[in-house]
Amino acid sequence: DQQVKQNSPSLSVQEGRISILNCDYTNSMFDYFLWYKKYPAEGPTFLISISSIKDKNEDGRFTVFLNKSAKHLSLHIVPSQPGDSAVYFCAAPPYSGAGSYQLTFGKGTKLSVIP
Amino acid sequence: DTAVSQTPKYLVTQMGNDKSIKCEQNLGHDTMYWYKQDSKKFLKIMFSYNNKELIINETVPNRFSPKSPDKAHLNLHINSLELGDSAVYFCASRHRGNTIYFGEGSWLTVV
């Protein structure tokens with residue numbers, strides 16, 4: 001049962017344009033969301049997060065938007081740069097008891113930024 | 001210095017063998033994890049330990065046994081390796097915030 005879904009396996013964007021990566025979730029109890037970035041042969045690295053009390057969080061070129069009613073979040077990268085080419089994972093912590101914090105991940109979207 | 005380090009990075013081994021992947025974190029974190037990324041690219045949790053105590057044990061064959069000698073180390077031992085165990089295994093750690101920090105991964109190929 002996939003609680004976090006990234007329905008676009010890949011996305012190609014021209015350098016300088018905006019990249020929009022989407023993520024949907026099914027569990028209305030989720031109250032925090034994270035985006036991770038992963039280069040080939042490396043581990044995922046934390047990029048940006050958002051709490052459910054906000055609808056937007058911005059960090060430099062990266063902005064995450066949360067639409068709780070639609071159970072949807074998106075990551076905007078503007079302007080996109082070739083170094084942004086990576087796989088982006090959306091993640092959320094399902095609550096399963098005290099001390100058992102974990103993250104459940106989407107399948108990832110591979111972003112290719114074309115110079 | 002690498003915050004979460006795991007060895008080996010690449011491992012090719014035959015079916016039936018027993019192998020271990022070691023993980024160490026120098027972040028002072030209390031919780032460590034093993035995640036698996038399979039051929040379909042899903043990142044799924046296998047185990048988590050908090051201060052050397054097993055907290056999460058997902059539906060994983062008992063051929064997989066984690067061992068935490070101290071809170072900075074969480075090793076993964078796999079017995080009787082099968083072809084389907086081929087995957088990337090990520091060690092990770094967390095302190096008290098919401099962010100989990102991952103190692104670079106160990107690519108296991110069973111032939």
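The values are calculated or read from the model by the stated rules, or taken from the named source; none is laboratory data. Predicted model, so just to flag it, every value in this text is computed and none were measured. Cβ placement follows ideal geometry from the backbone for every residue including glycine, while neighbour counts extend to all protein chains displayed.
Quick look at the values:
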item: From A:SER80, A:SER49, A:SER69, A:SER19, residue being touching a Leu at 6+ places or on another chain (Cβ under 7 Å) and more than 10 Å from every other protein chain (Cβ to nearest Cβ); result: A:SER19
item: Breaking point among (1) on the phi > 0 side of the Ramachandran plot; (2) at the interface with another protein chain (Cβ under 10 Å from one of its Cβ atoms); (3) surrounded by 14 or more Cβ atoms within 10 Å (Cβ to Cβ); (4) touching a residue at least 12 places away in the same chain (Cβ under 8 Å), for B:ASN51; result: (3)
item: Residue that is nearest to the other protein chains (Cβ to nearest Cβ) [pool: residues in the stretch B:77-111 that are out of contact with any Lys or Arg (no Cβ under 8 Å at 6 or more places or on another chain) and assigned to a strand (DSSP E or B)]; result: B:PHE102
item: Condition broken by A:SER12, with the remaining ones in (1) within 23 Å of B:GLU58 (Cβ to Cβ); (2) assigned to a strand (DSSP E or B) satisfied; result: (1)
item: In the stretch B:27-57, residue nearest to A:VAL4 (Cα to Cα) [restricted to those that are assigned to a loop (DSSP other than H, G, I, E, B) and of a type in the set (A, V, I, L, M, F, W, C)]; result: B:PHE42
item: Hey, A:TYR95 facing another protein chain (nearest Cβ under 10 Å), assigned to a loop (DSSP other than H, G, I, E, B) and within 25 Å of B:GLN37 (Cβ to Cβ) or not; result: no
item: A:SER100, sole failed condition from (1) at pLDDT below 95; (2) surrounded by fewer than 21 Cβ atoms within 10 Å (Cβ to Cβ); (3) under 16 Å from the mean Cα position of the chain (by Cα); result: (3)
item: The stretch B:19-45: number of residues that are touching a Lys or Arg at 6+ places or on another chain (Cβ under 9 Å), surrounded by fewer than 19 Cβ atoms within 10 Å (Cβ to Cβ), closer than 16 Å to B:ASP85 by Cα and of a type outside the set (Ser, Thr, Tyr); result: 5
